[in-house]
Structure formats: structure tokens, C-alpha cells
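Quick one: this structure, given as C-alpha cells, is what I'll be asking you about.
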Amino acid sequence: MTTEDIATVEGVSENPLHPLGSKPPLDREELRDVIDLSLWMGQLLLQYGAHTDRIERTVHRLGTALGADWLDILISPNAIVATTISGEEFRTKIRRVVSIGVNMAILAETETLIERVESGEVDRFEVRAELKRISLIRRVYNRWYVIAWVGVACAGLCRLLGGDLAAVAATFIASSVAMWVRQELQHQYFNPLINVTATAFVAGVISSLLIRLQITTTPLQLLSASVLMLVPGVPLINSMQDTIRGHLVTGFARGFTGMLIAMSIALGLLLAMLLVGVEGL
Amino acid sequence: MSTETLWVFLQDVILSGVVAAGFAILFNVPPRLLFACALGGAVGRVVRDLLMGGGMNIEPATLIGSLVIGIMGEYFAHRYKTLALIFTVSAAIPMVPGVFAYRGMLGLIRLSNATGETGLMYLTEAAINLTKTGIILGTISVGIAMPVLLFRRTKPLV
């Protein structure tokens, strides 16, 4: 079949927006592979914190680079639907996605992979192997290294918010211990919001106890900085990115997730302060 | 500028870089990109500090600071061939309004137990602090999202 033949197929050439028939048509088996790999890529991006426009573009780029003429993609907060089109043939598939958390290493790897596919360096089979490898990436850094850095970062934030040196030291202790608890809970598959509340509770209890020892004159800065590693930065920024580009459903869902996380932090802190008896600061 | 202000300023710059790097590690950013995250955090915060030192309110200063972070994020994303989000999220953390959020939350809780006399005071406290938190968080995300729209104006792909 030549390019002209494909372009004149009834029903396919009608839509001027879809540049169909510019590539050799894929058979059903190949098309199945293309949609599977594209959705896999989309799943990784949605799971680990990319915004909707980025996911749509990357899935589309991967599908077309692997030989499909066009992809239509629908992204909801917890599923992706895609249709691959090649010549007269098309296939549609849904993939359920559960948002796990942020993992920038995986996002960076997907971007490297898509560049390689577009330059024609890797074929379908190598893409599958690469996606498998990327899916298995967990942590770049050692667990204790992360705990130490989170402690330092929260202590630094305490100082930036105006805390005194005792408050900075107390923040380091409270947030490091809380981060350790968070990692432990993450391994137990608790609901993410319960996890956030429990982490904020631990940070709150430690800071409140230290406040009751009256070591610091800036208790406010200590209490607020010790839970800042839970701050929902990625959902809030992605919410704005999505909303600005007209992806209102995912945008609102992400914004609401961010608000729920903020409320969970507040709940954990409040419970801690009630327990230890620090009130009216 | 006196030596003391200079010292405080320098301390803020270094701390912001450290904070941004710490959060980048929490978000599992690959080591080769860590320095760019720290740089973004430090520069964004410096811009905000300078503007606030010049008498600007915290909200517009935060907007301009996060616009700078957004532009730097786009530049780094282009240079390292990766996503701007990697740089912008951790760089925005040093500007998070922690104390306002905390005061707002505390105000709301006190409000529920307030009497007629103290109620107005707590209501004002909660309203002011929560509004400030909301506006600052909003300006951070708007500031970060805007530069992309200016630089990458391609025809919709999908």
C-alpha cells in the first residue's frame, strides 16, 4: 500500500488534524506492543509526579516514534486511556495508575529514554527492557543519608524562618526521627494520609517535649519547620501547571490532594500538642 | 549595607542552597543534578530577600523570586535534557510560608473554643495568616508555571 492509498481510505483521511498514513502501517501485533509500551511510560510518569501535559506529550511522542501514526490520550487522576492509530488499524487500552509519590530519578530516566527512541537508537524490544529497568529504580541514595539530609534541610528552614540556634538543633532531631518513622510506615503500606499524620505527630511530639524543656525562645519556628519535609510541593505545583493548561480534572484533583496532605499535617501536629500539653504559643 | 546585614544575607543564601539540595535528595534527584537544584533555591530566595529588603511586600517578591526559579528551571531542563520540575520543586521549598501556615492553623483551632470577646481576635489572626499562606503558595506555583508558557509555545500536539 502506498502513502496515497492509505490517505484515501474512507473515514481515515477525513480529519485534517490527524496526519495519518505518513508511515508504513503496523499490524495488530505491533500496534499492541506500541500501546502497551506507551501506557507503561505514561503510568511511570503519572505515578511519580509528572504533570498532565508532560505525560500526554511523552506518551504521544513514544507512540509515534515507535511507528504509530497518531495517539489519543485521556489522563484522569488515577488511570490513563490511550488509542493508537496506524493506517486503518487502531487499538485502545486502559491502564489503572496509583500515585505512589515523587521519584525524580525515574522521571529523568523516562526523558532520556524518549530522546533515545526518537533518535532511532532503540527499537520496541529495547524500549521494553529499558522500561522494565526504570520501573525497578527505587532509591538513588542510602536511607540514612536521606534521613540526615532531611534533618539538615528542615533545620535550615527553621533558621530561614527565624528560629534561634536551639530551635535549629531541635528541628534537626525532630525531623530526622520523623523521617525515619515515615520510611518505616511507607514499608508497611499504610494509607498515605495516615502516614503523613503519623509523621507529623512524631515530629510534633519531639518538638513539643523540647519546647517544654524551655530550651528555645522561638517555639513557633521549631514546630512549623519540623514538619516541612511533608509539605505537598509537587501536588500543588502540578495542580497549577495542569489548571493553567486546561487540564482541570487532574489539576483540581492534585490541588485537593495537596490540601488533604496539609490538613493531615495539621491534624498530626495538633494531636501531638494536645498530648504533650503545649498550647497557646 | 552593614557587615551584619551582609552576614545574615550570606547565611540565607547558603541555607537556601542547602535546603533545596536536602529536598532534592528527598525527592530522589540524581546526583549530577543536585547542584543545579541548590543553585535555583539560593538564587530564588536571594531575589526575594533583595526585593523585600528594598521595601516590597512578601507576595509580589515571592512571585518574582519564583519566576526566576521557573526561568532557571527551564534553562537547566534544556541544558541537562530533563524535566524542569526536578529543579523547580526543590528550589521553591526555601520560600514555603511555614510560620504563616502554622499560625493560621492554630488560629482556626483556637477559634472553635473562643468566646464572644476573644473570638474576633482569633478570627482575624486565622484569616490573615491563612490568606497569606494561600496567596504565597499560589504565587509560588503561578511563578513556576508561567515561564514555560512563554518559552515553549508549540502547536498543541495531542
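No lab work stands behind these numbers, since they all come straight from the coordinates. On a predicted model such as this, the values are computed, not experimentally measured, just so you know. We place every Cβ from the backbone using ideal geometry, glycine too, and count neighbours over all the protein chains shown.
Could you run the Karplus curve 6.51 cos²θ - 1.76 cosθ + 1.60 with θ = phi - 60° over the stretch B:90-106 and give me ³J(HN,Hα) per residue in whole Hz, x for Gly and Pro?
6, 5, 7, 4, x, 9, 4, x, x, 5, 4, 4, 5, 5, x, 4, 4
Moving on to the next point. Using a Debye calculation, one point per C-alpha and no hydration shell, please list log10 I(q)/I(0) for the stretch A:143-276 at q = 0.11, 0.17, 0.20 Å⁻¹ in order.
Debye intensities relative to I(0), on a log10 scale: -0.41, -0.86, -1.08.
If you stretched the chain out fully between A:LEU274 and A:GLU121, how much longer would it get, using 0.36 nm times the residue separation minus the C-alpha to C-alpha distance?
Here the segment from A:LEU274 to A:GLU121 would lengthen by 49.1 nm.
While we're on this one: Between B:GLU117 and A:ARG139, what is the spin-label point distance in nm, taking each point 7 Å from the Cα along the Cα→C-beta axis?
5.4 nm
Also: Provide Rg over Rh for chain A; use the alpha carbon set for both Rg and the Kirkwood Rh (inverse mean inverse pair distance).
The Rg/Rh ratio comes out at 1.13.
Using Cα atoms only, what is the angle between the long axis of helix B:58-80 and the major principal axis of chain B, expressed in degrees (0 to 90) to the nearest 10?
20 degrees
Taking amide H positions as placed 1.01 Å from N in the peptide plane, with prolines and chain starts having none, which residues 5 or more places from A:SER76, or on another chain, fall under 5 Å of its amide H?
Excluding prolines and chain starts, which carry no amide H, the hits are A:VAL81.
Output the peptides A:49-59, A:75-85 sorted from most to least packed, where packing is the average of other Cβ atoms within 10 Å over each peptide's residues.
Output ranking for A:49-59, A:75-85: A:49-59, A:75-85.
At a Förster radius of 51 Å, what calculated FRET efficiency corresponds to the Cβ-Cβ distance of A:ARG32 and B:LEU50, to the nearest 0.05? Present the calculation step by step, with values, prior to reporting the outcome.
Working: r = 57 Å, r/R0 = 1.11.
About 0.35, to the nearest 0.05.
Can you list the HN-Hα couplings for the stretch A:251-261, worked out from phi with the Karplus curve (6.51, -1.76, 1.60; θ = phi - 60°), rounded to whole Hz and with x for Gly and Pro?
x, 5, 4, 5, x, 5, 4, x, 5, 4, 5
Another question, then. Determine ³J(HN,Hα), in whole Hz, for all residues of the stretch B:36-44 in sequence, where each value follows from phi through the Karplus function 6.51 cos²θ - 1.76 cosθ + 1.60 and θ = phi - 60°; x replaces Gly and Pro.
Along the stretch B:36-44, the couplings run 4, 4, 4, 4, x, x, 5, 5, x Hz.
Given the -39500 (n - 2.57) contribution per DSSP H run of 4+ residues, what per-residue ellipticity at 222 nm results for chain A, rounded to the nearest 500 deg cm²/dmol?
Here the helix-only value at 222 nm equals -21000 deg cm²/dmol.
Follow-up question, since we're still on this one. Please list log₁₀ I(q)/I(0) at q = 0.21, 0.24 Å⁻¹ for the stretch B:1-100, using the Debye equation with identical point scatterers on the alpha-carbon positions.
At q = 0.21, 0.24 Å⁻¹ the computed log10 ratios are -1.00, -1.21.
Provide a whole-number value for the mean count of partner chain Cβ atoms within 10 Å of the Cβ atoms in peptide A:67-77.
Working: counts 0, 0, 0, 1, 2, 1, 1, 1, 1, 0, 0.
Across the residues of A:67-77, the mean count of other-chain Cβ atoms within 10 Å is 1.
A further question on this structure: Just report the Cα centroid separation between the stretch A:32-87 and the stretch A:215-281, whole Å.
With the stretch A:32-87 and the stretch A:215-281 each reduced to a Cα centre, they are spaced 31 Å.
Next question, about the same structure. Across peptide B:132-141, how many C-beta atoms of other chains are within 10 Å of each residue C-beta, on average?
3
Please give the peptides A:100-106, B:128-134 ranked by average Cβ packing (other Cβ atoms within 10 Å per residue), highest first, as a rough proxy for protection. Don't skip to the end; give the middle numbers.
Values: A:100-106: 20.3, B:128-134: 16.7.
Going from most to least packed, we get A:100-106, B:128-134.
For the pair B:LEU6/A:THR83, report the inter-label distance in nm, with labels modelled 7 Å from Cα in the Cβ direction.
Going by the 7 Å Cα→Cβ label model, 6.7 nm.
On to the next question. PRE reach from A:ARG212 (point 7 Å along Cα→Cβ): which of the stretch A:242-279 fall under 17 Å by backbone N?
Residues A:269-279 qualify, since their backbone N sits under 17 Å from the label point.
When the chain is fully extended, how far beyond the present Cα-Cα distance does A:ARG95 get from A:ARG128, taking 0.36 nm per residue of separation? Before the final figure, lay out the partial values.
Values: separation 33, 0.36 × 33 = 11.88 nm, distance 1.63 nm.
That pair, A:ARG95 and A:ARG128, stretches by 10.2 nm at full extension.
What is the set of long-range amide H partners of B:LEU83 at a cut-off below 5 Å, with H atoms built 1.01 Å from backbone N?
Here the answer is none, since no amide H 5 or more places off falls under 5 Å of that of B:LEU83.
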